[in-house]
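The values are calculated or read from the model by the stated rules, or taken from the named source; none is laboratory data. A quick note: this is a predicted structure, and the numbers were derived from the prediction, not measured. With ideal geometry, Cβ positions are generated from the backbone for all residues, glycine too; neighbour counts draw on all protein chains shown.
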Amino acid sequence: MELRQLKYFRVIAEVKSFNRASAVLFVSQPALSRQIKLLEEELETKLFFRDGRGAQLTPAGVEFYTHVRGIEKRLNEAREATEKYSGKSSEIAIGVPPSLGTRFMTNITLAIKNLFPQISLILIEDFSHQLIDWVHSGRLDIAIVYGKPKSSAARCVPFASTNLYLLKSASSSDETTEKISFADLVNYKLLSPAVPSTTRSNLEDIAESLDAKLEFELQIDSQSTLIRLVSDGDYHCVLPYPAVADEVARGEIRAIEIVDPCPLLDLSVMTTANDRPSRTLELIEGILRQQLTDMIETRFWTGVEAASTEGEAQADGA
């Protein structure tokens, strides 16, 4: 039995799909299937049922999963306990969505390095769906994500909620208003990130409840390109205010509040149940919260409210 087999098993169990686990782990699906088959042969029992819904754990697989999580936790504890003797610095990988803006990312980088100068910090910027997969695979220790990811293995702590805004070029000839009703969004050809996108899904769910249909003209998986196209005056898009706080401050973009209803996105801190249960990660999570609070209290961010820190919410909603 190999450690990589245990990791492959855990990720498949968490994402409930060999195909998705292959993408998360950057391992071919035949190789994954081969390793799971070897593991099942060694244990002399089936660990997964494969059906139209993907891969579901058998009763034996459910029990084995509990033990695998415990094994990985103890291995991480052992690794952390011996790092001080190796002369190497600890490595912490953090994922952040680009819509939180460069100022937030710069602030958390400086704050973490100031408190933990010995840490080798890896800061990765990407959209939430990718960050969630990387938390599952173990590439990230902690990530800020939009929404409430559903996973029995994930720990999801409320962080904040943010309004979504219609973004226009400051040079746009459109009539200037401070607010726009959600129903009026149907009059705009919108840009959006490529699906899957938490922002777009949120907008489409609200539109469906209003029996309306939004028109997304282009899907672009680059926030900087989205913002540039809006700034140049040719397009509109809907994003959280922090994504364009700098551009609004420079007078390049106007952010119009959407009302009736106001679309909201939850912002959460996500780790897996197998993350190192260290004081370091707890302190880093505290730094993320404090930096968020600072951005809100200085009014640099609009439409963002910090969530209560009382209690924790599991990603499956429990």
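Numbers below:
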{"quantity": "Residues within the range 271-318 that are at pLDDT 80 or above and part of a strand (DSSP E or B), tallied", "calculated": "3"}
{"quantity": "Matching residues, the range 2-59, being at positive phi and loosely packed, with under 14 Cβ neighbours inside 10 Å", "calculated": "26, 44"}
{"quantity": "Pairs where the first residue, in the range 110-131, is under 8 Å from residue 96 (Cα atoms) and the second is outside any strand (DSSP E or B) and among the charged types (D, E, K, R), C-beta under 6 Å, 6+ apart", "calculated": "none"}
{"quantity": "Matching residues in the range 123-149 - criterion: being of a type in the set (A, V, I, L, M, F, W, C) and part of a helix (DSSP H, G or I)", "calculated": "131, 132, 134, 135"}
{"quantity": "Any hit, the range 96-108, residues being part of a loop (DSSP other than H, G, I, E, B) and either more than 26 Å from the chain's Cα centre (by Cα) or over 25 Å from residue 147 (Cβ atoms) (or both)", "calculated": "no"}
{"quantity": "Selection status of residue 81, at pLDDT below 85 and either in a helix (DSSP H, G or I) or buried (at least 20 other Cβ atoms within 10 Å of the Cβ) (or both)", "calculated": "yes"}
{"quantity": "Residue that is surrounded by the fewest Cβ atoms within 10 Å (Cβ to Cβ), among those in the range 253-273 that are among the hydrophobic types (A, V, I, L, M, F, W, C) and touching a Pro at 6+ places or on another chain (Cβ under 7 Å)", "calculated": "265"}
{"quantity": "Filter pass, residue 287 being assigned by TED's automatic domain parsing to the domain that holds residue 140, touching a residue at least 12 places away in the same chain (Cβ under 8 Å) and more than 17 Å from the chain's Cα centre (by Cα)", "calculated": "yes"}
{"quantity": "Candidate set from the range 95-119 (those that are surrounded by 15 or more Cβ atoms within 10 Å (Cβ to Cβ) and aliphatic (A, V, I, L, M)); member that is farthest from residue 288 (Cα to Cα)", "calculated": "119"}
{"quantity": "Those strands (runs of 3 or more DSSP E) lying entirely in the range 150-240 with at least 1 residues touching a strand residue (DSSP E or B) at 6+ places or on another chain (Cβ under 6 Å) and either assigned by TED's automatic domain parsing to the domain that holds residue 136 or in contact (Cβ under 8 Å) with a residue 60 or more places away in the chain (or both)", "calculated": "154-169, 179-181, 236-240"}
{"quantity": "Residue that is modelled with the highest pLDDT, among those in the range 60-78 that are surrounded by 12 or more Cβ atoms within 10 Å (Cβ to Cβ) and of a type in the set (A, V, I, L, M)", "calculated": "60"}
